[in-house]
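What follows draws every value from the coordinates through simple rules; no lab data is involved. This one's a predicted model, so the numbers in the text were calculated from it and none came from an experiment. Glycine gets a Cβ as well: all are built from the backbone with ideal geometry, and neighbour counts include every protein chain shown.
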Amino acid sequence: MSVQLLSSDGSAEEPVPLARAEAILCDMDGTLVDSSAVVESMWSSFARDHGMSERFDEIMAYSPGRTGIDTIRRFLPDLTAEEHDAIHERFAREEIVRTAGRMADIPGAAALVTALLEADVPLALVTSAPMELMRVRMEEAGVPIPSIVVSADDVERGKPDPDAYLKAAELLGVPIASCLVLEDAASGYTAARRAGAQVLLVGNGVPEADPGTLRIPDFTGVTFTIH
């Protein structure tokens, strides 16, 4: 079985083919769920609490798609591993609290994921968020959670390393070259490319992506056929 994603923006008589694959691997933040306000709030507090408010833009440029602990280690390099872990634990708890009531799906994401799952399309969620935060965000946004999830808790090396996408493909039993990755961030794009998957970018991020990379603004008008 393969799935063909199609895009219809109303300007063409027939939907335009996007990509065809045997399985779909979805990022979460910025791809399926709009968590931008919470993410910015969290990293703003982190920068202020650690006396580096002037580096907020640098933090926001580095952090998308990466695990929280990766970003904490990057910007607080002189702390011990135990101190990093303690900061990350507090950060993760607070992020769950701030998530409540502030999530929405990227337009069309909930409907598309629901339809793909109902059609039994092999689908996995691949996120740099911890499992508990993933569940809260997806539920708040009304996006169904696939049975296969690879979170920050499941791999030693997160994005931009390819491990998470390779693990998701393995769990689905589909060769990574036959998978389509839905991503919005540079680290996730790099991870997917390193893994050997096709990539469909969502939104206007990753300007450094290969010019031939497929891109959609969101999931409005995106449908699919099964072959």
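With charges set only on the Cβ (+1 for Lys and Arg, -1 for Asp and Glu), what does the dipole of the chain come to about its Cα centre, in debye to the nearest 20?
Computed about the Cα centre, the dipole is about 160 debye.
Would you pull out the residues with amide H under 5 Å of residue 215's amide H, same chain only if 5 or more places away, H placed 1.01 Å from N?
201
Once segment 15-129 is represented by equal point scatterers at the alpha-carbon sites, with solvent omitted, what log10 I(q)/I(0) does the Debye formula produce at q = 0.21 Å⁻¹?
Scattering profile of segment 15-129, log10 relative to I(0): -1.17.
What residues qualify as long-range amide H neighbours of residue 129, i.e. H under 5 Å apart, gap of 5 or more or another chain, H built at 1.01 Å from N?
HN-HN under 5 Å from residue 129: 152.
List, in order, the whole-Hz ³J(HN,Hα) value for each residue of segment 145-160 obtained from phi through the Karplus relation with A = 6.51, B = -1.76, C = 1.60 and θ = phi - 60°; use x for Gly and Pro.
For segment 145-160, the Karplus curve yields 9, x, 6, 9, 10, 10, 10, 4, 6, 9, 9, 6, 10, x, 4, x Hz.
Mind listing the long-range amide H neighbours of residue 181? Cut-off is under 5 Å, sequence gap 5 or more, other chains count too, H placed in the peptide plane at 1.01 Å from N.
Excluding prolines and chain starts, which carry no amide H, the hits are 25, 198, 199, 200.
Is there a quick way to get the dipole size of segment 144-221? I mean about its Cα centre, with the Cβ of Lys and Arg at +1 and of Asp and Glu at -1; what is the value in debye to the nearest 20?
Using only the charged Cβ atoms, the result is roughly 160 debye.
Taking 0.36 nm per residue of separation and subtracting the Cα-Cα distance, what length does fully extending residue 204 through residue 225 add?
5.0 nm
Can you compute 3J(HN,Hα) from phi for each residue in segment 88-105, using the Karplus curve 6.51 cos²θ - 1.76 cosθ + 1.60 with θ = phi - 60°, rounded to whole Hz and x for Gly and Pro?
Along segment 88-105, the couplings run 5, 4, 5, 4, 5, 4, 5, 5, 5, 4, 6, 5, 3, x, 10, 9, 8, 7 Hz.
Expected output is a single nm value to one decimal: the length gained when fully extending between residue 213 and residue 79, i.e. 0.36 nm times separation in residues minus the C-alpha distance. What is it?
Taking 0.36 nm per residue and subtracting the Cα distance, the gain is 44.3 nm.
For Cα extents along the principal axes in Å, which listed value, [x] 55, 33, 33; [y] 63, 38, 25; [z] 65, 52, 41, comes from the coordinates shown?
Among [x] 55, 33, 33; [y] 63, 38, 25; [z] 65, 52, 41, the one calculated here is [x].
Looking at the square roots a ≥ b ≥ c of the eigenvalues of the Cα gyration tensor of segment 60-177, which shape do they give, rounded for a/c under 1.5, prolate if a/b is larger than b/c, or oblate?
Taking the square roots of the gyration eigenvalues as a ≥ b ≥ c, segment 60-177 is oblate.
What size of dipole, in debye to the nearest 20, comes out for segment 1-115 about its Cα centre when the only charges are +1 on Lys and Arg C-beta atoms and -1 on Asp and Glu C-beta atoms?
140
Estimate the FRET efficiency between residue 52 and residue 100 by the formula 1/(1 + (r/R0)^6), using the beta-carbon distance for r and 22 Å for R0, to the nearest 0.05.
0.20
Using the reciprocal of the averaged 1/r over all distinct C-alpha pairs, how large is the Kirkwood radius of segment 108-200 in Å?
13.4
May I ask for the angle, rounded to the nearest 10°, between helix 109-118 and the longest principal axis of the chain, with both axes built from Cα atoms and the value confined to 0 to 90°?
Helix 109-118 and the main axis of the chain meet at about 60 degrees.
Go ahead and set up a Gaussian network model of the chain, Cα springs under 10 Å, then flag whichever of 97, 149, 136 fluctuates most.
97
So if I average 1/r over every pair of distinct C-alpha atoms in segment 49-99 and take the inverse, what Kirkwood radius in Å does that give?
Averaging 1/r across every pair of different Cα atoms and inverting gives 11.6 Å.
For segment 36-99, build the charge dipole from Cβ charges (+1 Lys, Arg; -1 Asp, Glu) around the Cα centre, then report which of 67, 84, 47 sits farthest towards its positive end.
67
How large is ³J(HN,Hα), in whole Hz, for each residue of segment 171-184 in order, when computed from phi with the Karplus curve 6.51 cos²θ - 1.76 cosθ + 1.60 and θ = phi - 60°, using x for Gly and Pro?
3J(HN,Hα) across segment 171-184, in whole Hz: 5, 7, x, 10, x, 4, 5, 9, 9, 10, 9, 9, 9, 10.
May I ask for the angle, rounded to the nearest 10°, between helix 131-141 and the longest principal axis of the chain, with both axes built from Cα atoms and the value confined to 0 to 90°?
That works out to roughly 60 degrees.
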